[in-house]
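Engineer: Before we start, here is the structure in question, set down as structure tokens.
The values are calculated or read from the model by the stated rules, or taken from the named source; none is laboratory data. From a predicted model like this one, the values you see are computed outputs, not experimental measurements. Cβ placement follows ideal geometry from the backbone for every residue including glycine, while neighbour counts extend to all protein chains displayed. Only protein heavy atoms, including side chains, enter the accessible area calculation; ligands, DNA and RNA are left aside. Shrake-Rupley method; radii C 1.70, N 1.55, O 1.52, S 1.80 Å.
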Amino acid sequence: MPQEAPPSLPESTFSQQLLSRSLRLDSRNPYDLRPVSLRFGEQSGWVECCLGDTKVIAQVSAEIVKPQSDRPYEGFLTLNTEISPMASSAYEAGRSSEEEVLMARLLEKALRRSEAVDREALCLVAGQKVWSVKVDVHFLNDCGNMLDCASIAAITALRHFRKPDVTVNGEEITIHSMTERVPVPLAIHHSPICLTYAFFNLPNSTSTSILDPTHQEQILSNSLLTLTLNAQSEICVLSKQGGLPIEADEIMRVLGVGVERVKELDEKIKRALEEDSRRRVREVRQTLSDVARRMNDLDESQ
């Protein structure tokens with residue numbers, strides 16, 4: 001965890017009093033997410049995700065490489081994370097914190113070990129050529145719960161990404177440019193999304209849990225529980241930090257909430273991708289229309 005000053009005693013006391021009454025400083029209910037917004041770049045696979053004021057950028061790229069000898073039919077999916085001092089003064093440039101290492105491991109489990117992307121579909125020539133897909137995650141602003149924001153950004157970027165179409169003739173591969181052929185989306189089995197809950201052991205109160213903790217709530221919490229779920233209500237990863245015991249009934253309760261929240265997020269991602277696709281189609285049509293109009297004007301002038 002980055003080294004930083006803890007909240008003052010009045011801040012801690014006030015926050016704990018609110019939480020003991022199931023209230024939060026930002027007026028959310030205990031299991032409400034902060035507003036999620038997605039912004040796409042001109043290049044496919046570039047996504048900026050904001051979860052409240054927490055901001056993360058994910059960018060997907062691909063190249064053709066040689067596969068591992070023991071897995072000749074599988075491509076690669078790798079993850080690279082970076083938290084710069086831009087996110088918070090608590091982070092140091094070029095030095096990974098414990099939090100960054102933990103987030104990288106959980107993201108890797110969520111995306112790669114859960115087989116979110118069909119790696120066999122990345123094979124071009126068995127034992128010779130496969131696609132290597134890389135997801136770069138940049139943390140721009142830490143206002144709490146960067147892991148959930150990063151997971152939304154990463155899976156959205158993978159769904160938004162398009163790789164060049166290729167023609168395979170024996171062992172010869174021809175990579176077609178974007179103008180020659182329409183680029184191809186990745187084969188994605190499911191869309192895992194992380195949801196983080198903070199648990200508090202408050203005086204004169206039963207164990208209190210909240211979803212999507214802010215930075216201050218995260219610091220004050222006694223334990224964190226991260227559930228990685230998909231829209232099919234499957235549990236992909238479960239990770240707990242902190243020593244506060246959590247009853248099985250409490251886990252089942254937050255799991256039920258998580259299933260609904262992930263379905264809502266998956267639908268939001270789907271709508272955002274469809275809107276971006278329509279925007280790109282409109283821009284292409286407008287460009288073609290402008291070119292045709294200029295050609296007509298040129299013909300008339302001649």
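Engineer: So if we plug the beta-carbon distance of residue 128 and residue 105 into 1/(1 + (r/R0)^6) with R0 = 30 Å, what FRET efficiency do we get, rounded to 0.05?
Structural biologist: 0.45
Engineer: For helix 146-160, what angle does its Cα long axis make with the longest principal axis of the chain, in degrees from 0 to 90 and rounded to 10?
Structural biologist: The helix 146-160 is inclined about 20 degrees to the chain.
Engineer: If contacts are Cα pairs under 8 angstrom and at least 6 residues apart, what is the relative contact order of the chain in percent?
Structural biologist: 17 percent.
Engineer: Kirkwood hydrodynamic radius, the chain, all distinct C-alpha pairs: what's the number in Å?
Structural biologist: 21.4
Engineer: Just reorder 284, 47 by solvent-accessible area, largest first, 1.4 Å probe, all chains present.
Structural biologist: 284, 47
Engineer: As I understand it, the value is the acute angle between the Cα axis of helix 9-20 and the longest principal axis of the Cα atoms of the chain; what does it come to in degrees, rounded to 10?
Structural biologist: Approximately 80 degrees, to the nearest 10.
Engineer: Continuing with the same structure: About the Cα centre of the chain, what is the dipole size in debye to 20, counting +1 per Lys and Arg Cβ and -1 per Asp and Glu Cβ, all else neutral?
Structural biologist: Once rounded to the nearest 20, the dipole reads 340 debye.
Engineer: Can I ask one more? Taking the Cα centre of the range 171-301 as the origin, how large is its charge dipole in debye, to the nearest 20, when only Lys and Arg (+1) and Asp and Glu (-1) carry charge on their Cβ atoms?
Structural biologist: Taking the Cα centre of the range 171-301 as origin, the dipole is about 220 debye.
Engineer: Mind checking which of 296, 238, 139 is farthest towards the positive end of the chain's charge dipole, using Cβ charges of +1 (Lys, Arg) and -1 (Asp, Glu) about the Cα centre?
Structural biologist: Farthest along the dipole direction, towards plus: 296.
Engineer: When you take every Cα atom in the range 119-234, what is the radius of gyration, and what is Dmax, the widest Cα pair distance, in Å?
Structural biologist: 20.8, 72
Engineer: Give me the percent relative contact order of the range 144-270, please, defined on Cα pairs under 8 angstrom at least 6 residues apart.
Structural biologist: Relative contact order of the range 144-270: 21 percent.
Engineer: For the chain, with a Gaussian network of springs between Cα atoms less than 10 Å apart, report the residue from 198, 93, 187 with the top mean-square fluctuation.
Structural biologist: Greatest mean-square fluctuation among the candidates belongs to 93.
Engineer: Considering Cα pairs under 8 angstrom that are at least six residues apart, work out the relative contact order of the range 111-186 and quote it in whole percent.
Structural biologist: Result for the range 111-186 is 25 percent.
Engineer: With just the Cα atoms defining each centre, how far is the range 20-64 from the range 147-182? Give it in Å.
Structural biologist: Using only Cα atoms, the two centres lie 23 Å from each other.
Engineer: Go ahead and run the numbers for FRET between residue 89 and residue 21, Cβ-Cβ distance against an R0 of 41 Å, rounding to 0.05.
Structural biologist: For R0 = 41 Å, the calculated efficiency reads 0.80.
Engineer: Find the Rg to Rh ratio for the range 113-156, where Rh is the Kirkwood radius over alpha-carbon pairs and Rg uses the same atoms.
Structural biologist: 1.14
Engineer: Rounded to the nearest whole Å³, what is the per residue volume of the convex hull around the Cα atoms of the range 153-302?
Structural biologist: Dividing the Cα hull volume of the range 153-302 by its residue count gives 186 Å³.
Engineer: Could you tell me what percent of the accessible area of the chain is made up of carbon and sulfur, with a 1.4 Å probe and every protein chain present?
Structural biologist: C and S fraction of accessible area: 49 percent.
Engineer: How large are Rg and Dmax for the range 33-162 when only the alpha carbon atoms are used, in Å?
Structural biologist: 15.5, 47
Engineer: A further question follows. Probe 1.4 Å, all protein chains in place: accessible area of residue 15 in Å², nearest 10?
Structural biologist: Counting only protein heavy atoms, the figure is 10 Å².
Engineer: Once the Cα atoms of helix 248-301 and of the chain are each reduced to a long axis, what angle between those two axes, in degrees from 0 to 90 to the nearest 10, is obtained?
Structural biologist: Tilt of helix 248-301: around 30 degrees.
Engineer: Return one whole number: the accessible area per residue of the range 210-302 in Å², for a 1.4 Å probe.
Structural biologist: Roughly 60 Å² per residue, with all protein chains present.
Engineer: Accessible area per residue, 1.4 Å probe, Å², for the range 1-118: what's the number?
Structural biologist: Per-residue value: 57 Å².
Engineer: Hey, another quick one. Pick out which of 214, 167, 54 has the largest mean-square fluctuation in a Gaussian network model of the chain, springs linking Cα atoms closer than 10 Å.
Structural biologist: Top of the fluctuation ranking is 167.
Engineer: Given the chain, what percent of its DSSP beta bridges are antiparallel, to the nearest 5?
Structural biologist: 85
Engineer: How do 148, 53, 165 stack up against each other in accessible area, from largest to smallest, with a 1.4 angstrom probe?
Structural biologist: I get 53, 165, 148, largest accessible area first.
Engineer: Moving on to the next point. Taking the Cβ of residue 66 as the centre, find all other residues whose Cβ is under 13 Å away and add up their charges (Lys, Arg: +1; Asp, Glu: -1).
Structural biologist: Charge balance in the 13 Å sphere: -2.
Engineer: With +1 on each Lys and Arg Cβ and -1 on each Asp and Glu Cβ, and nothing else charged, work out how big the dipole of the range 133-216 is about its Cα centre, in Debye to the nearest 20.
Structural biologist: 140
Engineer: Mind telling me which of 281, 262, 137 comes out most flexible in a GNM of the chain, alpha-carbon contacts under 10 Å?
Structural biologist: Highest fluctuation among the options: 281.
Engineer: Which FRET efficiency value, to the nearest 0.05, is calculated for residue 178 and residue 70 with the Förster distance at 41 angstrom and r the Cβ-Cβ distance?
Structural biologist: Computed FRET efficiency for residue 178 and residue 70: 0.75.
Engineer: Residue 292 to residue 13: extension gain in nm, 0.36 nm per residue of separation minus the Cα-Cα distance?
Structural biologist: 93.7 nm
Engineer: Taking the Cα atoms of the range 1-97, report the difference between the largest and smallest coordinate on each principal axis, in whole Å and largest first.
Structural biologist: 58, 30, 29
Engineer: Follow-up. Can you sort 46, 131 by solvent-accessible area, 1.4 Å probe, largest first?
Structural biologist: Largest accessible area first, the list is 46, 131.
Engineer: Also: Got a number for the accessible area of residue 86? Probe 1.4 Å, square angstrom, nearest 10.
Structural biologist: The accessible area of residue 86 comes to roughly 130 Å².
Engineer: Taking the Cα of residue 234, stepping 7 Å toward and past its beta carbon, and measuring to each backbone N in the range 246-282: which are under 20 Å?
Structural biologist: 255-270
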